[in-house]
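The values are calculated or read from the model by the stated rules, or taken from the named source; none is laboratory data. Quick caveat: nothing in here was measured; it's all calculated off a predicted structure. Here the Cβ positions follow ideal geometry from the backbone for every residue, glycine too, while neighbour counts run over all protein chains shown. For accessibility, only protein heavy atoms count, side chains too; no ligands or nucleic acids. Shrake-Rupley method; radii C 1.70, N 1.55, O 1.52, S 1.80 Å.
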Amino acid sequence: MKKVTRKIIINALNNNKIKIVCTHLDSGYCSQVKTPFTVTGEYREHLIRMYNQNNKMFRVQSDNKFSCLYDDYIIEG
């Protein structure tokens, strides 16, 4: 896979065929959800809205990994 860029992140979020896995949640929500989990449905739509409001919240970590605020994600293909 190519190095992740912000453009690749939004393209992956918009394409439901591409699997995105949340590997770490750092919020009050995390006590209710076990990680890792596949990002789908409303949560995926929430990330798209966040990206559209301010894509600077999304940071490229390495190869297929990125973060949004303090939560970590992997694009699996």
Quiz item: Do we have GLU76 as at negative phi and at pLDDT 95 or above here?
Solution: no
Practice problem: Return the pairs, sorted by first residue and then second, in which the second residue is open to solvent by 70 Å² or more (accessible area, probe 1.4 Å), the first residue lies in the stretch 45-57 and is without any contact (Cβ under 8 Å) to a residue 40 or more places away in the chain, the beta carbons are less than 9 Å apart, and the residues are 6+ apart or on different chains. | Solution: ILE48/ASN14; MET50/LEU69; LYS56/ARG6; MET57/LEU69
Quiz prompt | Total residues in the stretch 26-62, condition open to solvent by 40 Å² or more (accessible area, probe 1.4 Å), charged (D, E, K, R), touching a strand residue (DSSP E or B) at 6+ places or on another chain (Cβ under 9 Å) and not in a strand (DSSP E or B) | solution = 1
Self-check item: Filter result for ASP26 (modelled with pLDDT under 90, among the charged types (D, E, K, R) and either on the phi > 0 side of the Ramachandran plot or touching an Asp or Glu at 6+ places or on another chain (Cβ under 9 Å) (or both))
Solution: yes
Exercise. Could you run through the stretch 63-77 and say how many residues are part of a strand (DSSP E or B) and not hydrophobic (A, V, I, L, M, F, W, C)?
Key: 5
Quiz prompt | Count - residues of the stretch 31-45 that are over 11 Å from the mean Cα position of the chain (by Cα), hydroxyl-bearing (Ser, Thr, Tyr) and closer than 19 Å to ILE75 by Cβ | solution = 1
